[in-house]
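Participant: Questions regarding the structure given below will be posed in turn.
The values are calculated or read from the model by the stated rules, or taken from the named source; none is laboratory data. Nothing here was measured: the structure is a model prediction, and the numbers come from that model. Glycine gets a Cβ as well: all are built from the backbone with ideal geometry, and neighbour counts include every protein chain shown. These area figures cover heavy atoms from the full protein model, side chains too; ligands, DNA and RNA do not enter into them. Shrake-Rupley method; radii C 1.70, N 1.55, O 1.52, S 1.80 Å.
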Amino acid sequence: MQVSGGLVLGLQMGSLMAATGVLGAPAPFEPNAFVQIGSDGSVTILAKHLEMGQGVYTGLATLIAEELDADWSHVRVEGAPADVKLYANTGWGIQGTGGSSSIANSYDQMRKAGATARAMLVAAAAVKWKVAPESITVSKSVVHHVATGRKAAFGELAAAAATQPVPTDVKLKAPKDFKLVGNAKLPRLDSFAKTNGTAIFTQDFKLPGMLVAVPLHPVRFGATVKSVNATKAKAIPGVVQVVQFAGTPRSFAGVAVLATNTWAARQGRDALEVEWDETHAYKKGSPEILAQYRAALEKPGMIARKVGDVDAALVKPAILIEADYEVPFLAHAAMEPLNCLVQLGDGQCEIWNGEQFQTIDQGSMAKFLNMPADKIKINQLYAGGSFGRRANPHSDYLLEAVSIAKAAREQGVKVPVKMVWMREDDTRGGYYRPLNVHRARLALDAQGRLSAWHVRMAGQSIMEGSAFAGVIKDGIDPTSVEGQADLPYDVPNFQVELYTPTDVGVPIQWFRSVGHTHSAFSSEGLIDEAAIAAGKDPLAFRLAMLAKHPRHSGVLQLAARQAGWSKPLAPGAKGERRGRGLAVHESFNTFVAQVAEITVKADGTFKVDRIVCAVDCGVTVNPDVIKAQMEGGIGFGLAAALHGAITLKDGVVEQSNFHNYQVLRINEMPKIEVVIVASTEKASGVGEPGVPPVAPAVVNAIFNAMGKRLRTLPIGDQVTTKA
């Protein structure tokens, strides 16, 4: 990191380092550099986490600027390079963004970074003015000595501050003194650049002489290239080279066309004539996979959690509920299709990417290229969405890009290569949220109390075969059962079992909110079924079993109060049926409750009218960002609930783009009201927790309106009068 005449400050992971990290300072320093203060007074924050729309650039900067007492208008953010020693996620031990962990793992670290920088600026001023540091105040990037009337801007003190020793301990502000943290009017730092087009995403980034590579993948997973006829492709103006690249155990083999621009590369790709070897290709369809899972659920699975004796409690209960809940494969469908830029040199590799998984990707590239990991330089750019896709545990698309660049280089084309997937490439041949089936048996006693909860789950493990396989214990991938095995409701007899198939050849990985996407749908649908069967109000039924979980109860009651749950729902027009449903779910240590209101119109169509959302994410850092993340999560979750399904026929994915894998249209977006619980609990994340409650709240509202229980997603046309 270079800055002339300024201060560069670093911290060691988890605790403040008594080291230098200061340009011009005599002692060596190995900093986690987060703050740069230029001689012009600019404050640059180095963000260790990827900005993919979730607002983390603003969140990280807020924490530093708060303790630094910086003028917000002087603050800017840059993506930090890949360096696990400096920028590891303190919760993971590796550098990466995900699991709604950015603010949670950075809260103390970033505050200390800001406070340390402030202390060094104050120390510099104290030396210059020959006054006690305690007599100096700081406000909006200006250091003051009130008694003498002296003052100096950060830029004036930066060089002198760089010569000050880094304090080994700093005092952080009391929350009552916060000016930026919790400020609802603090503008996001990335909005202006994203709206005027100056923000740099990978698709915007160019290097001199680079070529664009568009790959062709087989239509069935596991197929390989048998033969290639590139004659027509090479005849396309702008096409420079055609290369064949080998797959890895978790990335695909294929052929790529390299051209001087994306359009030529795509035209060349489409002109390729490739014969595929499907000897080892996966050829089953979604119906066959569903049948396999349903059959497997007839037998006991691995026990993920057991309390009491469910078998005994399920013998002749007063009320027995039996139900299968099913969810399909889902594609991430980010707005920016997958891409990255690779420059291979002798013994080194440099990558520009919307980078979500630096350490994993560095390791994958190093192994593939037989290079030391520190020779893999990764530059972090903005990502146009991800929803987990850019954190592929197998580094699939990055490995493919490097494979293409390597193959081109071996053929004498030694230029930077930007690989670009069309949206169809990822929709048809990407990595998906797994298809899941949950089979439940619930028992209620004569008083209408839930006495037994027995759920068997079937779905592929996203951890198996990845760098995170170590989290699997006794055959249980915790991400497969999260949200079910740790159900908060007080049920005396409880058992969750898991069947994990290993012979399904569909690539899968996490999806925004991971296992909670399917577990919340079944758990909150089932609890609603139990409440109805018991003849009780769904809110009261839930609250009666949440005495040991005050944060669940808190958001439930807040959402219900805000939605007017105690009052009758306003009727619709003649012939319309209206309904209201609720759901609560904890994910990533954040608690979210939602109340959905829907209308089934006389023509059989239906619309989600309103969703009231209450969120408890601990200390509120950026209220506007939290609200936006809840709104975005609701829209994202609603798209999946209403429309989302990747289906296979004979091993071929049937969807290709937004016309048949539909994201939420603007006319489908309901009115959303978000209320944030005032809390002093530890800050947690908000990128994912808004998603899980949406589907169950909506299907519970549909039942309230129609008396029709939906247990399969997407909702699709199940609500229409023809269904």
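Participant: Mind checking whether some residue in region 58-71 is open to solvent by 20 Å² or more (accessible area, probe 1.4 Å), modelled with pLDDT of 90 or more and not β-branched (Val, Ile, Thr)? Spell out the reasoning first.
Facilitator: Kept after step one, since they are open to solvent by 20 Å² or more (accessible area, probe 1.4 Å), are these residues of region 58-71: 71.
Now drop any that are not modelled with pLDDT of 90 or more, which leaves 71.
Subset that is not β-branched (Val, Ile, Thr): 71.
Yes; the residues of region 58-71 include at least one that is open to solvent by 20 Å² or more (accessible area, probe 1.4 Å), modelled with pLDDT of 90 or more and not β-branched (Val, Ile, Thr).
Participant: List the pairs whose first member sits in region 570-581 and is over 11 Å from THR599 (Cβ atoms), whose second member is small (Gly, Ala, Ser) and surrounded by fewer than 14 Cβ atoms within 10 Å (Cβ to Cβ), and whose Cβ atoms are under 8 Å apart, counting only residues at least 6 apart or on separate chains?
Facilitator: From region 570-581, the pairs are LYS574/ALA602.
Participant: Is it fair to say ARG423 is out of contact with any strand residue (DSSP E or B) (no Cβ under 9 Å at 6 or more places or on another chain), open to solvent by less than 10 Å² (accessible area, probe 1.4 Å) and touching a residue at least 40 places away in the same chain (Cβ under 8 Å)? Before you say what the answer is, go through the steps one by one.
Facilitator: Numbers: out of contact with any strand residue (DSSP E or B) (no Cβ under 9 Å at 6 or more places or on another chain): yes; open to solvent by less than 10 Å² (accessible area, probe 1.4 Å): no; touching a residue at least 40 places away in the same chain (Cβ under 8 Å): yes.
So ARG423 does not fit the description; no.
Participant: Further, regarding this structure: If ILE626 satisfies all but one of (1) within 31 Å of the chain's Cα centre (by Cα); (2) of a type outside the set (Lys, Arg); (3) open to solvent by 30 Å² or more (accessible area, probe 1.4 Å); (4) more than 24 Å from ILE715 (Cβ to Cβ), what's the number of the condition it fails?
Facilitator: Failing condition for ILE626: (3).
Participant: When the residues of region 280-298 are filtered to those that are touching a residue at least 24 places away in the same chain (Cβ under 8 Å) and either aromatic (Phe, Trp, Tyr) or exposed (fewer than 14 other Cβ atoms within 10 Å of the Cβ) (or both), which remaining residue is farthest from PRO328 (Cα to Cα)? Show your work before the answer.
Facilitator: Taking region 280-298 first, the residues touching a residue at least 24 places away in the same chain (Cβ under 8 Å) are 280-286, 289-290, 292-294, 296-297.
If we keep only those that are either aromatic (Phe, Trp, Tyr) or exposed (fewer than 14 other Cβ atoms within 10 Å of the Cβ) (or both) too, we end up with 280, 282, 293.
Values: HIS280: 24, TYR282: 17, TYR293: 12 Å.
Taking the candidates together, the pick is HIS280.
Participant: If you don't mind, there's one more thing I want to ask. For region 314-339, how many residues are of a type in the set (A, V, I, L, M, F, W, C) and more than 16 Å from ARG456 (Cβ to Cβ)? Write out each step before concluding.
Facilitator: Pass one, region 314-339, residues of a type in the set (A, V, I, L, M, F, W, C): 314-315, 318-321, 323, 327, 329-331, 333-335, 338.
Narrowing further to those that are more than 16 Å from ARG456 (Cβ to Cβ): 315, 318-319, 329-331, 333-335, 338.
Selection size over region 314-339: 10.
Participant: Looking at the structure I just gave you, is ASP277 in contact (Cβ under 8 Å) with a residue 40 or more places away in the chain, charged (D, E, K, R) and on the phi < 0 side of the Ramachandran plot? Before the answer, list the steps.
Facilitator: On the way: in contact (Cβ under 8 Å) with a residue 40 or more places away in the chain: yes; charged (D, E, K, R): yes; on the phi < 0 side of the Ramachandran plot: yes.
Considered against the rule, which asks whether it is in contact (Cβ under 8 Å) with a residue 40 or more places away in the chain, charged (D, E, K, R) and on the phi < 0 side of the Ramachandran plot, ASP277 comes out as yes.
Participant: Another one. Are there any pairs with C-beta distances below 8 angstrom linking a residue in region 538-556 that is within 15 Å of PHE591 (Cβ to Cβ) and touching a residue at least 60 places away in the same chain (Cβ under 8 Å) to a residue that is open to solvent by 20 Å² or more (accessible area, probe 1.4 Å) and among the charged types (D, E, K, R), with the two at least 6 apart or on different chains, and if so which?
Facilitator: Listed pairs, sorted by first residue: LYS548/ASP490; ARG551/GLU586; ARG551/GLU681; HIS552/GLU586.
Participant: Under 6 Å between Cβ atoms, at least 6 apart or on separate chains: pull out the pairs that start in region 637-653 with a residue that is in contact (Cβ under 8 Å) with a residue 24 or more places away in the chain and end on any residue that is of a type in the set (Gly, Ala, Ser) and surrounded by 23 or more Cβ atoms within 10 Å (Cβ to Cβ).
Facilitator: ALA641/ALA695; ILE646/ALA331
Participant: Taking the criterion of being charged (D, E, K, R) and in a loop (DSSP other than H, G, I, E, B), would at least one residue in region 94-109 satisfy it?
Facilitator: Initially, region 94-109 is screened for residues charged (D, E, K, R), giving 108.
From what is left, the residues that are in a loop (DSSP other than H, G, I, E, B) are none.
Within region 94-109, none of the residues are charged (D, E, K, R) and in a loop (DSSP other than H, G, I, E, B).
Participant: In region 485-497, how many are polar (S, T, N, Q) and under 15 Å from SER461 (Cα atoms)?
Facilitator: Pass one, region 485-497, residues polar (S, T, N, Q): 493, 495.
Cutting the leftovers down to under 15 Å from SER461 (Cα atoms) gives us none.
Count: 0.
Participant: Within the set of pairs 6+ apart or on separate chains, which have a first residue in region 62-81 that is within 15 Å of ASN183 (Cβ to Cβ) and of a type in the set (Phe, Trp, Tyr), a second that is assigned to a loop (DSSP other than H, G, I, E, B) and open to solvent by 30 Å² or more (accessible area, probe 1.4 Å), and C-beta atoms under 8 Å apart?
Facilitator: Here the result reads TRP72/PRO187, each pair linking region 62-81 to a residue that is assigned to a loop (DSSP other than H, G, I, E, B) and open to solvent by 30 Å² or more (accessible area, probe 1.4 Å).
Participant: I would also like to ask the following. If I filter region 559-578 for residues that are closer than 30 Å to LEU290 by Cβ, touching a Lys or Arg at 6+ places or on another chain (Cβ under 9 Å) and charged (D, E, K, R), do I get at least one hit? Steps first, answer last, please.
Facilitator: So in region 559-578, the residues closer than 30 Å to LEU290 by Cβ come out as none.
There is no residue in region 559-578 that is closer than 30 Å to LEU290 by Cβ, touching a Lys or Arg at 6+ places or on another chain (Cβ under 9 Å) and charged (D, E, K, R).
Participant: Checking GLY93 against (1) touching a residue at least 12 places away in the same chain (Cβ under 8 Å); (2) open to solvent by 30 Å² or more (accessible area, probe 1.4 Å), which test does it fail?
Facilitator: Just one mismatch for GLY93, condition (1).
Participant: Would you check if there is a residue in region 587-606 being buried (at least 23 other Cβ atoms within 10 Å of the Cβ), aromatic (Phe, Trp, Tyr) and over 30 Å from ASN105 (Cβ atoms)?
Facilitator: The answer is yes, given that some residue of region 587-606 is buried (at least 23 other Cβ atoms within 10 Å of the Cβ), aromatic (Phe, Trp, Tyr) and over 30 Å from ASN105 (Cβ atoms).
Participant: Anything in region 171-216 that is outside any loop (DSSP other than H, G, I, E, B) and either of a type in the set (S, T, N, Q) or open to solvent by 60 Å² or more (accessible area, probe 1.4 Å) (or both)? List them, or say none.
Facilitator: PRO175, LYS176, ASP177, SER191, PHE192, LYS194, THR195, ASN196, THR202, GLN203, ASP204
Participant: If you don't mind, there's one more thing I want to ask. Taking GLY91 as the residue in question, decide whether it is within 12 Å of SER106 (Cβ to Cβ), in a helix (DSSP H, G or I) and of a type in the set (Gly, Ala, Ser). Please lay out each step first, then the result.
Facilitator: On the way: within 12 Å of SER106 (Cβ to Cβ): yes; in a helix (DSSP H, G or I): no; of a type in the set (Gly, Ala, Ser): yes.
No; evaluated as a whole, the condition is false for this residue.
Participant: Among the residues in region 552-568, are any part of a helix (DSSP H, G or I), more than 16 Å from MET630 (Cβ to Cβ) and within 24 Å of the chain's Cα centre (by Cα)?
Facilitator: yes
Participant: Something else now. For region 304-327, what are the residues that are surrounded by fewer than 16 Cβ atoms within 10 Å (Cβ to Cβ), hydrophobic (A, V, I, L, M, F, W, C) and under 24 Å from LYS473 (Cα atoms)?
Facilitator: Across region 304-327, the qualifying residue is only VAL307.
Participant: Further question: Among the numbered criteria (1) within 24 Å of ASP616 (Cβ to Cβ); (2) hydrophobic (A, V, I, L, M, F, W, C); (3) under 18 Å from the mean Cα position of the chain (by Cα), which single criterion is violated by ILE672?
Facilitator: (3)
Participant: Among the residues of region 285-299, is any within 16 Å of THR224 (Cα to Cα) and touching a Ser or Thr at 6+ places or on another chain (Cβ under 7 Å)? Spell out the reasoning first.
Facilitator: Our first condition is that a residue be within 16 Å of THR224 (Cα to Cα); within region 285-299, this holds for none.
No, there is no match, as no residue in region 285-299 is within 16 Å of THR224 (Cα to Cα) and touching a Ser or Thr at 6+ places or on another chain (Cβ under 7 Å).
Participant: Quick one: how many residues across region 328-378 are in contact (Cβ under 8 Å) with a residue 40 or more places away in the chain, open to solvent by 30 Å² or more (accessible area, probe 1.4 Å) and of a type in the set (S, T, N, Q)?
Facilitator: So the count comes out to 2.
Participant: Separate question: Just to be sure before I move on: is GLU156 more than 30 Å from PHE511 (Cβ to Cβ), at pLDDT below 95 and in a helix (DSSP H, G or I) in the structure I sent?
Facilitator: Against the criterion (more than 30 Å from PHE511 (Cβ to Cβ), at pLDDT below 95 and in a helix (DSSP H, G or I)), GLU156 qualifies.
Participant: Using the structure shown, decide if GLY59 is under 27 Å from ALA174 (Cβ atoms) and either among the hydroxyl-bearing types (Ser, Thr, Tyr) or in a helix (DSSP H, G or I) (or both).
Facilitator: Details: under 27 Å from ALA174 (Cβ atoms): yes; either among the hydroxyl-bearing types (Ser, Thr, Tyr) or in a helix (DSSP H, G or I) (or both): yes.
Considered against the rule, which asks whether it is under 27 Å from ALA174 (Cβ atoms) and either among the hydroxyl-bearing types (Ser, Thr, Tyr) or in a helix (DSSP H, G or I) (or both), GLY59 comes out as yes.
Participant: Report whether or not GLY633 is outside any loop (DSSP other than H, G, I, E, B), under 19 Å from PHE387 (Cβ atoms) and touching a residue at least 40 places away in the same chain (Cβ under 8 Å).
Facilitator: Working: outside any loop (DSSP other than H, G, I, E, B): yes; under 19 Å from PHE387 (Cβ atoms): yes; touching a residue at least 40 places away in the same chain (Cβ under 8 Å): yes.
It is true that GLY633 is outside any loop (DSSP other than H, G, I, E, B), under 19 Å from PHE387 (Cβ atoms) and touching a residue at least 40 places away in the same chain (Cβ under 8 Å).
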